[in-house]
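Here is the structure we will look at.
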Amino acid sequence: MIAMNTPLQTKPLPASPDARLSAADALSSLTSTREAVANRFTTPMWYKVSVSVGFAIATMLVWALWGGIFSSLSDLQIILCGVAITAVGVVLEVVLVWKMERRGIHWLTMPATPSGWLYGVMAPFVGIGTMTVPIWCNGMAWWMALIAAVIGGVATLLLMNMCDAAMRDYIVAGGSMDKVRLDGDDRRDDKGNELWTRARLLALPDEERRETARRLTSPYWLHTAIGLEAMLCIVSALEVVSLFKIGSHAGGFIIPVGSFVLIYALDTTVTRWTRNAKVDTRMMPASPVSWVLFFAMAITCLIPVYLAGYGFGFTLRSGNVPLAKLAVGGLVFVVLFSIFGQLYDRRRYSDIVKGV
Amino acid sequence: MATPVITAQFNEVIHAPMRLRICGLLQGAGEVEFAAIRDMLGVSDAVCSKHLKVLSDNGYVTLAKRPGQRNGHDVTWVSLTDEGREAFESHIAALQAIAGLG
């Protein structure tokens with residue numbers, strides 16, 4: 001059960017019955033240790049159940065919107081419904097990240113095996129696919145929609161569990177999760193101690209610290225690029241929803257495809273700068289003013305959450321993406337996020353220069 | 001790509017039960033926080049520290065301190081070195097050979 005696919009050359013070793021027992025015990029203790037490791041990487045059950053139930057509820061909502069049950073609701077109510085669903089989804093993800101960050105491992109990984117990939121990709125595919133059933137089978141009875149929602153939810157839960165089980169088998173068999181880490185922070189391996197952490201900056205002489213902090217301060221375009229990327233993600237997702245709602249139309253695929261290309265380009269640029277600068281992306285604020293700016297930036301992020309929910313509700317209702325409103329809201333978000341982001345970044349490094 | 005060949009080699013340093021488990025969990029999880037190792041092994045800080053020091057002194061693990069997210073204090077992250085990974089895999093191969101599993 002050593003590293004997989006590794007040829008083994010053994011030397012003749014003395015093996016008395018006692019030694020055999022002792023070696024078997026040692027290997028057995030390793031299995032329990034690896035199970036403990038697997039438990040750390042497993043997604044919590046409450047999360048998997050919440051996601052599955054969420055998909056089931058969303059399926060019923062789509063049926064209600066499509067079947068005319070909610071036809072008496074105003075646009076505002078539908079839009080508020082979209083905002084609420086988006087907010088619940090965001091909160092769920094934030095709680096998951098918060099919980100996983102406390103497990104003391106680099107938990108953000110890709111599936112470790114082909115079967116893990118299969119189950120991991122199929123889970124959201126089945127969940128989202130079930131949501132479209134009431135659209136394809138227009139006018140289906142409520143109980144049929146309910147059965148579809150329950151089956152979709154249970155299937156999603158099972159697939160997520162199977163994905164975790166595949167990862168567990170891989171770890172217990174002696175596989176290493178280090179090979180499939182997704183946070184991409186190989187710089188954190190500290191080879192040559194290259195990552196610019198606060199502790200490392202504070203250890204520098206004053207003059208050198210000032211110069212390094214100046215070099216690490218993000219360029220003006222960085223936060224703008226991040227803001228634009230978030231808005232493009234929302235617009236492209238809504239365009240896909242619109243395609244489902246009203247079917248393909250002239251130029252229907254141009255906006256999502258164009259957006260995905262732009263998102264890729266922006267993401268690559270932002271990631272390249274962060275990697276080249278070797279900045280510790282988990283550095284926290286050091287002074288009260290930094291904290292205020294940090295929270296201002298965080299509160300600004302509620303704008304795209306609202307816009308996503310608003311757009312989702314509006315698009316489900318009318319079939320059209322509210323591009324004008326998204327453009328205005330997006331502009332406000334990008335401007336505010338860029339300003340607060342720049343102020344925060346500069347303040348953070350000015351704190352470091354002062355030795356806070 | 002050629003896969004590395006592992007020679008079975010019994011290792012006295014790694015064979016101590018606690019150190020064997022530490023190496024096992026580091027090999028599986030990659031880099032792990034000190035507190036997580038302590039919790040997974042169910043031992044005290046002192047015991048965990050003692051065994052990590054032995055492994056570190058032999059060049060099998062690296063200890064890196066980084067600012068923690070919870071309270072700003074430095075957190076120790078532990079990972080196997082290349083030498084440690086090789087020694088651990090050789091030791092496991094030796095154990096499997098002794099146990100008649102190799």
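Quick notes
- Projecting label points 7 angstrom from Cα along Cα→Cβ for residue A:179 and residue A:272 puts them 3.1 nm apart.
- Gain on full extension, evaluated as 0.36 nm per residue between residue A:221 and residue A:287 minus their Cα-Cα distance, stands at 21.3 nm.
- The Cα atoms of the range A:199-356 give a gyration tensor whose axes a ≥ b ≥ c have a/c of 1.5 or more with a/b greater than b/c, which makes the shape prolate.
- Looking at the range B:12-98, the accessible area is 40 square angstrom per residue; that uses a 1.4 Å probe and ignores ligands, DNA and RNA.
- Charge dipole (debye, nearest 20) of chain A; +1 at Cβ of Lys and Arg, -1 at Cβ of Asp and Glu: 420
- For the pair residue A:356 and residue A:325, the difference between a 0.36 nm per residue extended length and the Cα-Cα distance amounts to 6.9 nm.
- Estimated FRET transfer efficiency (residue A:233, residue A:207; beta-carbon r; R0 45 Å; 0.05): 0.60
- Each Lys and Arg adds +1 at its Cβ and each Asp and Glu adds -1 at its Cβ; summed about the Cα centre, the range A:199-356 shows a dipole of about 120 debye.
- Under the simplified labelling scheme, the residue A:154-residue B:12 pair shows an inter-label distance of 6.0 nm, with each label point 7 Å from Cα along Cα→Cβ.
- Each residue of the protein assembly as shown gets 175 Å³ once the volume of the Cα convex hull is shared out per residue.
- Helical runs (DSSP H, four residues minimum) scored at -39500 (n - 2.57) apiece and divided by the length of chain A put the mean residue ellipticity at 222 nm at -24500 deg cm²/dmol.
- Taking both sides together, the accessible area buried where A meets B is about 3800 Å² for a 1.4 Å probe.
- Look at the stretch A:25-35: the mean tally of other chain Cβ atoms within 10 Å of its residues' Cβ atoms is 6.
- Cα-Cα over 32 Å, subset of A:48/A:325; A:99/B:50; A:325/A:354; A:99/B:53: A:48/A:325; A:325/A:354
- Whole-Å distance, taken between Cα centres, linking the range B:22-50 and the range A:146-180: 26
- Mean per-residue shielding of peptide B:87-96 is 5, counting Cβ atoms of other chains within 10 Å of each Cβ.
- Alpha-carbon centroid distance for the pair the range A:267-343 / the range A:27-41, whole angstrom: 40
- DSSP assigns beta bridges within the range B:12-98; of those with both partners inside it, close to 100 percent run antiparallel.
- Calculation over all alpha carbon pairs of the range B:9-102 in 5 angstrom steps from 0 returns a P(r) of 3, 14, 25, 24, 17, 10, 5, 2, 1, 0 percent.
The values are calculated or read from the model by the stated rules, or taken from the named source; none is laboratory data. On a predicted model such as this, the values are computed, not experimentally measured, just so you know. Reconstructed Cβ throughout: ideal geometry from the backbone, glycine too, with neighbour counts over all protein chains shown. The accessibility values were calculated without ligands, DNA or RNA, using every heavy atom of the protein model including side chains. Shrake-Rupley method; radii C 1.70, N 1.55, O 1.52, S 1.80 Å.
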